[in-house]
1. Could you say which residue among TYR16, TYR38 is of a type in the set (Phe, Trp, Tyr), in a loop (DSSP other than H, G, I, E, B), within 22 Å of THR62 (Cα to Cα) and in contact with a Phe, Trp or Tyr (Cβ under 9 Å, 6 or more places away or on another chain)?
2. What are the residues in segment 19-35 that are small (Gly, Ala, Ser) and either in a helix (DSSP H, G or I) or under 17 Å from the mean Cα position of the chain (by Cα) (or both), if any?
3. Only residues in segment 10-29 that are under 10 Å from PHE92 (Cβ atoms) count as the first member; pair them with residues that are open to solvent by less than 50 Å² (accessible area, probe 1.4 Å) and in a helix (DSSP H, G or I), Cβ under 9 angstrom, at least 6 apart or cross-chain, and list the lot.
4. Only one of ILE84, ILE12, ILE37 is at pLDDT 95 or above and of a type in the set (Val, Ile, Thr). Can you tell me which?
5. Considering segment 41-58 alone, what residues qualify as being in contact (Cβ under 8 Å) with a residue 12 or more places away in the chain, of a type outside the set (A, V, I, L, M, F, W, C) and not in a loop (DSSP other than H, G, I, E, B)?
6. Between a first residue in segment 59-74 that is among the acidic types (Asp, Glu) and a second residue that is modelled with pLDDT of 95 or more, which pairs have beta carbons less than 6 Å apart while being 6 or more apart in sequence or on different chains?
7. Among the numbered criteria (1) open to solvent by 100 Å² or more (accessible area, probe 1.4 Å); (2) touching a strand residue (DSSP E or B) at 6+ places or on another chain (Cβ under 9 Å), which single criterion is violated by PHE45?
8. Out of SER73, SER8, which single residue is surrounded by 11 or more Cβ atoms within 10 Å (Cβ to Cβ) and either among the polar types (S, T, N, Q) or outside any helix (DSSP H, G or I) (or both)?
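The values are calculated or read from the model by the stated rules, or taken from the named source; none is laboratory data. Predicted, not measured: the structure shown is a model, and the values here were computed from it. Cβ sites come from the backbone with ideal geometry, for glycine too, and all protein chains shown count toward neighbours. Ligands, DNA and RNA are excluded from the accessible area calculation, which covers all protein heavy atoms including side chains. Shrake-Rupley method; radii C 1.70, N 1.55, O 1.52, S 1.80 Å.
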Amino acid sequence: KNLNEVKSFNNIFRCYIFLDDLFEIFLQSIDSEEYGIYNCGTEAFSYYDRIKFLCDKLNLDTKYLISEKGNVSPIIQDLNREKIFKKFNISFR
């Protein structure tokens, strides 16, 4: 937004969730008899791809978004969302 270069890792993958989606899950779980622990979030996206997605959603120019490699472990942290999909009518953006 300020025309500053933003560097983001294209090889490190995480799962994300909008607070509105988390709030909706919370409300559904309160009214449910389906107790337990649930993994919540999108499929794994790279930091770069998620920031690009958010920029597109907010109509921000991505020409200052720079893709680069990161060096962390683990590279991919994905969640098994099968349980929440079975128990609740949930989708993640």
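1. Only one candidate passes the filter, namely TYR16.
2. Residue satisfying the conditions is SER29 alone.
3. Every condition considered, the pairs that remain are TYR16/ARG50; ILE17/ILE25; ILE25/ILE84.
4. Residue meeting the stated conditions: ILE12.
5. Those that are in contact (Cβ under 8 Å) with a residue 12 or more places away in the chain, of a type outside the set (A, V, I, L, M, F, W, C) and not in a loop (DSSP other than H, G, I, E, B): SER46, TYR47, TYR48, ASP49, ARG50, LYS52.
6. GLU68/LYS7
7. Answer for PHE45: the failing condition is (1).
8. SER8 is the lone residue from the list that is surrounded by 11 or more Cβ atoms within 10 Å (Cβ to Cβ) and either among the polar types (S, T, N, Q) or outside any helix (DSSP H, G or I) (or both).
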